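A short worksheet on the structure shown next.
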Amino acid sequence: MSDAITALITGLLALLGTYLSNRRSAALIAYRLEQLEKRVEKHNSVVERTYKLEERTELQEEKIKVANHRIEDLERRSER
């Protein structure tokens, strides 16, 4: 009978230890996942800003081309 009680107590303590260990691991995983999500959000923000900057750069380059053509046209007219 005492062997059965000892085995039961040992089993319960093992289950408790496993439960606490898993809980700690789950908390650590949740924390690391949250940190990773923050880093991904920052990365995505940088990508979005870079895309917008590229669009603006293309627009500015197009405006510069147009301005250069207008200057060339004006220079040709003044040479005549």
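Coordinate-derived values only; no laboratory data. What you are looking at is a predicted structure, and each value in this text was computed from that prediction instead of being measured.
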C-alpha long axis of helix 2-79 to longest principal axis of the chain, angle in °: 0 degrees
Over the chain - Rg/Rh using Cα atoms and the Kirkwood inverse-distance radius: 1.78
